[in-house]
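The values are calculated or read from the model by the stated rules, or taken from the named source; none is laboratory data. Everything numeric here is computed off the predicted structure, so don't read it as measured data. Note: ideal-geometry Cβ built from the backbone for every residue, glycine included; neighbour counts use all protein chains shown. When the accessible area is computed, the model is the full protein with side chains, heavy atoms only, and any ligands, DNA or RNA have been set aside. Shrake-Rupley method; radii C 1.70, N 1.55, O 1.52, S 1.80 Å.
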Amino acid sequence: SKQGGGNRATHFTAQMETLAVAALALDRDLDQAIERRELVLEFQPQGVPGGREVAGWEALVRWNHPKLGRLMPDRFIPLAEERGWIHRIGRHVIDSTLAQIATWDRAGTRIPRIAVNLSPSELRAGLADEIDALVYSHGLTPDRLALEITETAIVGDGAEVAYALTRLSQKGYSIEVDDFGAGYSSLGQLRHLPLETLKIDKSLIDDVHHSKIDTALVGAVIDMARALGMRTVAEGVELPEQERVLARLGCDSYQGYLLGKPMPAARVPDWLAQRSA
Ligand code: C2E
Ligand code: CA
Ligand code: CA
Ligand code: CA
């Protein structure tokens, strides 16, 4: 169909761009990108449906590439995973997030906790000890950091993933299931793991305000998550109607352009001041 062709063309363009990035990035050392402070974080707030509280924050990485300009993570994270750079990126993202939390603590800016994204290959046995060392080196405690891991990564790989998650949870880190509903797993498959939060994928939220089926589906996910002792976050909330439905369904929190787009650290204190005004 015409639409299918369009999608293929878009996909092809995206692949070409990724290849272009790869070609350019190949001769660059990622350590240099980190050293030159080209990897920067933005922070996106989470709110309580129908309320004023700020429920949490997520850190999202961007690459200010000297030749290509600002690259969003979908353009370089898959490449970094493929080339084995992802561990250094992940470590840098966690370190920068913790440094930012410590800075905000000293300035009296109240940020209880920030979630960072982990790629599947980062879920190794030694991860909890590595993260612990970073957290304590910043004078912080594990309750300040949450870790987002996609549904597919959690379900995918048996023993080592379960071990890494258990170690993290025992040390006091919250594990959040990212993109729930985008894959093919069920809550039943997740129920034996120490998971604190379920992030409901944007694809389930998009029509939650005008599709009866999607309303029922999201309601069921929220109820099942609660029955399993998990907190829920709706992702990609763009409309007030969506927030209203989520409030009615008892969703614990929401994230999306409606509340706020990802913003540089410098904008966070002003955003918080405006929010509480
Ligand atoms: P994600 O973890 O599912 O993050 C949510 C993405 O949706 C972000 O895109 C965010 O900017 C976007 N978003 C938030 N609210 C809305 C909304 O209301 N509408 C729409 N259309 N989009 C919204 P972003 O920042 O481009 O990140 C894309 C993905 O890259 C993330 O998806 C995550 O999987 C990955 N990523 C980001 N930072 C990191 C990182 O530090 N490490 C790793 N491994 N992956 C990362
Ligand atoms: Ca995420
Ligand atoms: Ca997500
Ligand atoms: Ca995603």
Filtered trypsin sites (Lys or Arg not before Pro), region 105-166: DSSP coil and at most 16 other beta carbons within 10 Å: R110, R113, R124
Which of the listed residues, A146, V135, T103, is farthest toward the dipole's positive end in region 101-153, when Lys, Arg count +1 and Asp, Glu count -1 at the beta-carbon? T103
How many Lys pairs in the chain lie less than 26 angstrom apart by Cα atoms, where the lysines are 8 or more positions apart or on different chains? 7
Explain nothing, just compute: Karplus ³J(HN,Hα) = 6.51 cos²θ - 1.76 cosθ + 1.60, θ = phi - 60°, for every residue of region 88-100 in order, whole Hz, x for Gly and Pro. 5, 4, x, 4, 5, 4, 5, 4, 5, 4, 5, 4, 5
Which length gain, in nm to one decimal place, applies between V40 and R52 when the Cα-Cα distance is subtracted from 0.36 nm times their residue separation? 1.5 nm
If the chain between A182 and A277 were fully stretched, how many nm would it gain, using 0.36 nm times the residue separation less the Cα-Cα distance? 30.6 nm
Looking at region 48-172 from every direction and averaging, what is the projected area of its Cα convex hull in nm²? 9.6
According to a simple spin-label model (label point 7 Å from Cα along Cα-to-Cβ), what is the distance in nm between A159 and A216? 4.3
How do 89-96, 231-238 rank on mean C-beta neighbours within 10 Å, highest first? 231-238, 89-96
Accessible area of region 54-124 belonging to carbon and sulfur atoms, whole % at 1.4 Å probe: 50
Suppose R0 equals 51 Å; then what is the FRET efficiency for A247 and E82 from their Cβ-Cβ distance, rounded to the nearest 0.05? 0.80
Tell me, what are the semi-axes, in whole angstrom and largest first, of the equivalent ellipsoid of the chain as set by the roots of 5 times the Cα gyration tensor eigenvalues? 28, 24, 21
Accessible area per residue, Å², region 186-277 with all protein chains present, probe 1.4 Å: 50
What chymotrypsin sites (Phe, Trp or Tyr not before Pro) in region 79-165 are in a loop by DSSP, with at most 14 other Cβ atoms within 10 Å of the Cβ? none
